[in-house]
Amino acid sequence: MDGTGPPTDALALGQRVVAVLETGARTATYKLATLSALVGFCVEHLPADPAAALDVPIDALAERVIDLYWPQVRPFDGHRLRQSSQPKARILTAVEVLRGAANAGGVVGLSIARLRMPDLYREAVAEVALTLAQQPLYRLQRLPGGRGEPFLYDDSWLHSGITRAAIARHGGEIRLFPGVAAALARLSGLLTPTLEILWVQDVRRYNAFLDEDVPDIAGHLFGRDRVSLAKPRVALREAFGTQCFYCATSLSDGNPVDHVLPWSRVPLDGLANLVLACGGCNTDKRDSLPALAHTERALSRDRTVLEQLAADIGWPTQYDRTLAAARGLYRSSPPGTPTWQGRSRTGTWDTVFPPGWVVSTVPETGFT
C-alpha cells in the first residue's frame, strides 16, 4: 500500500479500519468518535462518483464529535465518566463547558444550544477541531509506533503541535482518498455498531467502578439524549393533522414522534426528519431503513411550512441535511437491503431505477 488510495473493496477497507482500531493504542475514545464522525459525514456528503475523493472540513468533524459526546458528559450514577487514560480530556471538557452553559441558560438539547448560543458553540467547535488535528486525526490510521501507511487520507501534515494557522493553510480540511467516502458510507451500518462496542469496552476500562455488577452503560452512551419532542409534536399536529404518517390511524394525545431516517444511522432531530406516528408503527419500525416512499413523502412536505413551524417554536428544520442523509443512505445501501414498508411488512431496496433525487447531487425541484 503506497498511500495513494484505499483498497478498492469496501469490505477490505472496513477490515483494515477495524484492524487498526483493535491493534493500535487507544488512550482515549477520540479515535472512535473521529471515525464515527467521518462515517456520518460520508453518508451525508456521498460523492456522485463512488471512486471520487472527498474534502472533509475539520470543523464539520468537530461538530459531529460534539454531537456524539453531548449525551455522554452527563453524570452516570453520580460519576463523571472518564473517556481517557490521560488526566486531561480537552474534547470532553469543551463539551462539558458548552453543556453546562446551556443548562444554566435553560437550553435543552444541542441543536437548540447551537441556535441560541452561537458564540459559545463556535468556541467549542474551534477547540474540538484543534484537538482532532493534534491528536486522533494523525494517529487514526497508524499502528503502535506510528507504523503503517495512510489509507483513508493524507495525514503527513498533521502532528501534535499543529496550530490553527497551519490548519487554515491546508484549507482547514482533510481529503479522503478516492473511493474512501463511498466505502465508509456503504459500511456505515456495520461500522457504527462496531465502534459503539469498542467505545463501551474503552469506557469500562477507563472507569474502575464499572464492574460486572453495573448495568450496561451502552444506553447512557448511545441512548441518544433526545430532547423532549413535545414542541415538534404539537406543531406537526397543528400543521399536518392528527393521523399516523405511516398508517393514517387517528392519534391520541402524547403519540410518538418518529425519526423517518433512523436516529441510530443519522442523528437528525430537525423537523424535516420528524413525523407523527402511532405506537404500533413507531415500535415496529424502530431503527429500520424506511421504504423509499415514506422518506420521499416526508421530504415532499411543504418546506415553507416546515421552516415557519421551526421559526415559531425555535427548532431546527435540517431539511438539507435530511435530504443529503437520505440520498447517502439509499445510494450506499446494496441491492436487497431490507426496508420497512409498514407494520409487519418488510421489502427490499431496489437500486435498478432509483428516483432522480436519490441519484442527483442537488435537491430536486419537486421538493419544496
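Numerical summary
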| read-out | value |
| --- | --- |
| Test for V65: is it under 22 Å from R164 (Cβ atoms), in contact (Cβ under 8 Å) with a residue 40 or more places away in the chain and open to solvent by less than 20 Å² (accessible area, probe 1.4 Å) | yes |
| Any helices (runs of 4 or more DSSP H) falling wholly within region 94-141 and containing at least 3 residues that are more than 26 Å from L21 (Cα to Cα) | 110-116, 118-134 |
| Odd one out for H159, checked against (1) in a helix (DSSP H, G or I); (2) open to solvent by 40 Å² or more (accessible area, probe 1.4 Å); (3) within 21 Å of R26 (Cβ to Cβ) | (1) |
| In region 319-337, the residues that are under 25 Å from R64 (Cβ atoms) and without any contact (Cβ under 8 Å) to a residue 60 or more places away in the chain | Y319, D320, L323, Y330, T337 |
| Counted residues, region 327-348 - those being closer than 10 Å to L289 by Cβ, within 17 Å of the chain's Cα centre (by Cα) and not in a loop (DSSP other than H, G, I, E, B) | 2 |
| Subset of region 289-304 that is of a type in the set (A, V, I, L, M, F, W, C) and assigned to a helix (DSSP H, G or I) - its residue that is nearest to A239 (Cα to Cα) | A298 |
| Only one of G241, G270, G254 that is crowded, with 19+ Cβ neighbours inside 10 Å and either within 21 Å of A310 (Cα to Cα) or among the aliphatic types (A, V, I, L, M) (or both) | G270 |
| Unmet criterion (only one of (1) open to solvent by 20 Å² or more (accessible area, probe 1.4 Å); (2) assigned to a helix (DSSP H, G or I)) for V43 | (1) |
| Of all residues making up region 16-40, the number that are in a helix (DSSP H, G or I), surrounded by 17 or more Cβ atoms within 10 Å (Cβ to Cβ) and among the charged types (D, E, K, R) | 2 |
| Residue in region 119-152 that is surrounded by the most Cβ atoms within 10 Å (Cβ to Cβ), counting only those that are over 19 Å from D55 (Cβ atoms) and polar (S, T, N, Q) | T131 |
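The values are calculated or read from the model by the stated rules, or taken from the named source; none is laboratory data. Being a predicted model, the structure only gives us computed values, none of them experimental. With ideal geometry, Cβ positions are generated from the backbone for all residues, glycine too; neighbour counts draw on all protein chains shown. Note: areas computed on protein heavy atoms with side chains; ligands, DNA, RNA excluded. Shrake-Rupley method; radii C 1.70, N 1.55, O 1.52, S 1.80 Å.
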